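Structure record follows, encoded as structure tokens.
The values are calculated or read from the model by the stated rules, or taken from the named source; none is laboratory data. Computed from a predicted model, the values in this text were never measured in an experiment. Don't worry about glycine lacking a Cβ; one is built from the backbone with ideal geometry, like all the others, and counts go over all protein chains shown. To get the accessible areas, we keep the full protein, side chains included, count just its heavy atoms, and leave off ligands, DNA and RNA. Shrake-Rupley method; radii C 1.70, N 1.55, O 1.52, S 1.80 Å.
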Amino acid sequence: METFDPTELPELLKLYYRRLFPYAQYYRWLNYGGVIKNYFQHREFSFTLKDDIYIRYQSFNNQSDLEKEMQKMNPYKIDIGAVYSHRPNQHNTVKLGAFQAQEKELVFDIDMTDYDDVRRCCSSADICSKCWTLMTMAIRIIDRALKEDFGFKHRLWVYSGRRGVHCWVCDESVRKLSSAVRSGIVEYLSLVKGGQDVKKKVHLSERIHPFVRRSINIIKNYFEKYALVDQDILENKESWDKILALVPENILSENHLFHDELQQNFQKSHSSLQRWEHLKKAASKCQNNVKNDKCGPWLEWEIMLQYCFPRLDINVSKGINHLLKSPFSVHPKTGRISVPIDLQKLDQFDPFTVPTISLICHELDANSTNEEEKEGNEAESDIKHRTRDYKKTSLAPYVKVFEQFLENLDKSRKGELLKKSDLQKDF
């Protein structure tokens, strides 16, 4: 794999924004068919430049305007904000209070650092293939709920370029949602609650909501390999004491032997797999002994959810004017491109094979050299060149995933327009 050298970033970005960034698809996305007047023009972009210079309230007339500015500024990071009542680059000329965020995609941000209390392989910004499964489970759980529980059709999942994933829900009705409704949706999708000082972060009620049941069914597909083998969550006394601390007090007070028996069985066992079986047996045994309380599968499920359930950044989702890193932005620390994720191949997605900016620029250079030799330096327009340039690099399959998403958005929009015109004919 091409190694990334951050000192080369300014030069690499110049080439990336000049020849490789998929402007046509990007504009097609954020213009949403040009159905709503000034929708693209009223969208906020923010750029982070070299040395952390941060510029908010950028806005552009059209694709060509966006291209020129990005090639002039070479942003280290691009964030996308809301669609406002006025053009964001003129926000200083609007009378106080009139400049308002009106619409934005419903977005979700899932960051691996929020799992530091339950992953044992890495911490802070580090990730590895063992903990990446947390992101796979998070996408499966949240995406299923958005699709089946809420009926949202257009969901774009994107790798952040380092240690997390983002989701953009782009249905027209969703972009209009108020902050209160967004908060309600995130609340529905949140089960793990409490900061660092709170040991037990999941409390299931006696009647299990279908969303929780379905989430547990997804976790079950991954739990054994992820938690018991790769993370080895019951490996030693320190790690299993952490799990036994999640057993509710009343179970322990009404069933004195529960804790002692488990400790003995854990000592005798040789793996997390065996210890988990003991825990399940003890939990179902105590279910028969403890009066009117949750035990049995509840205890097992609460542990599974605490260790595997998605942890969302609530503030990112509920604020309409909250900015989120743009797809196809480059991560300045890793050099990796923030690429769309193909949900058809989610289990095969590997963040470490996502192309870096160094790799795709070198692929382009190599290809260009070959072509120049072949063509004998035939003059060719920059535009024509660029529309195919990314196709010569490892970025191509990710742009294809993005195009498929745009295709579905277009179909849906045309379907809505047909429906509207049919209704008008009926009158």
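Tell me, which residue of the stretch 180-204 that is of a type in the set (Ser, Thr, Tyr) and in a helix (DSSP H, G or I) is least open to solvent (accessible area, probe 1.4 Å)?
Residues of the stretch 180-204 that are of a type in the set (Ser, Thr, Tyr), as a first pass: 183, 188, 190.
Within this subset, residues satisfying the condition of being in a helix (DSSP H, G or I) are 183, 188.
Values: Ser183: 37, Tyr188: 73 Å².
Top of the filtered list is Ser183.
Select from the stretch 180-225 the residues that are among the small types (Gly, Ala, Ser) and at pLDDT 95 or above and write down the one among them that is farthest from Met135 (Cα to Cα). Before you say what the answer is, go through the steps one by one.
Filtering the stretch 180-225 down to residues among the small types (Gly, Ala, Ser) leaves 180, 183-184, 190, 194-195, 205, 215.
Restricting the remaining residues to those that are at pLDDT 95 or above gives 180, 183-184, 190, 215.
Numbers: Ala180: 27, Ser183: 22, Gly184: 22, Ser190: 15, Ser215: 14 Å.
Among them, the one singled out is Ala180.
Taking the criterion of being part of a loop (DSSP other than H, G, I, E, B) and of a type in the set (S, T, N, Q), the residues of the stretch 205-248 that qualify are Ser205, Gln231, Asn236.
Among Lys104, Lys14, which is the only one that is open to solvent by 40 Å² or more (accessible area, probe 1.4 Å) and out of contact with any His (no Cβ under 6 Å at 6 or more places or on another chain)?
Criteria check complete, one pass: Lys14.
Residues in the stretch 107-132 that are aliphatic (A, V, I, L, M) and crowded, with 17+ Cβ neighbours inside 10 Å were compared, and the one that is nearest to Gly194 (Cα to Cα) is Val118.
Comparison of Tyr76, Tyr39, Tyr57 shows that the only residue that is out of contact with any His (no Cβ under 7 Å at 6 or more places or on another chain), open to solvent by 30 Å² or more (accessible area, probe 1.4 Å) and of a type outside the set (D, E, K, R) is Tyr76.
On the basis of being surrounded by 12 or more Cβ atoms within 10 Å (Cβ to Cβ), among the charged types (D, E, K, R) and closer than 25 Å to Glu407 by Cβ, does Arg19 make the cut? Don't jump to the end; show me each part of the working.
Working: surrounded by 12 or more Cβ atoms within 10 Å (Cβ to Cβ): yes; among the charged types (D, E, K, R): yes; closer than 25 Å to Glu407 by Cβ: yes.
Yes: the conditions hold for Arg19.
Every residue, every condition in (1) in contact (Cβ under 8 Å) with a residue 60 or more places away in the chain; (2) of a type in the set (A, V, I, L, M); (3) within 28 Å of Asp365 (Cα to Cα), yes or no:
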position	(1), (2), (3)
Phe21	yes, no, yes
Tyr26	yes, no, yes
Asn31	no, no, no
Val35	yes, yes, no
Phe40	no, no, no
Asn62	no, no, no
Tyr76	yes, no, yes
Ala82	yes, yes, no
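For the stretch 116-141, the set of residues classified as over 11 Å from the mean Cα position of the chain (by Cα), touching a residue at least 24 places away in the same chain (Cβ under 8 Å) and within 20 Å of Thr334 (Cβ to Cβ) consists of Arg119, Cys121, Ala125, Asp126, Ile127, Ser129, Lys130, Cys131, Trp132, Thr133, Leu134, listed by residue number. Select from the stretch 134-165 the residues that are open to solvent by 10 Å² or more (accessible area, probe 1.4 Å), under 26 Å from Arg413 (Cα atoms) and either assigned to a strand (DSSP E or B) or polar (S, T, N, Q) (or both) and list them in ascending order. The one that is open to solvent by 10 Å² or more (accessible area, probe 1.4 Å), under 26 Å from Arg413 (Cα atoms) and either assigned to a strand (DSSP E or B) or polar (S, T, N, Q) (or both): Arg155.
For a quick check of your reading: which strands (runs of 3 or more DSSP E) sit entirely within the stretch 4-119 and have at least 1 residues that are within 30 Å of Phe309 (Cα to Cα)?
Working: elements: 43-49, 53-58, 77-84, 101-103, 106-111.
Strands (runs of 3 or more DSSP E) meeting the threshold: 77-84, 101-103, 106-111.
Return yes or no: is Pro310 under 15 Å from the mean Cα position of the chain (by Cα), modelled with pLDDT of 95 or more, surrounded by 13 or more Cβ atoms within 10 Å (Cβ to Cβ) and under 24 Å from Gln25 (Cα atoms)? In short, no.
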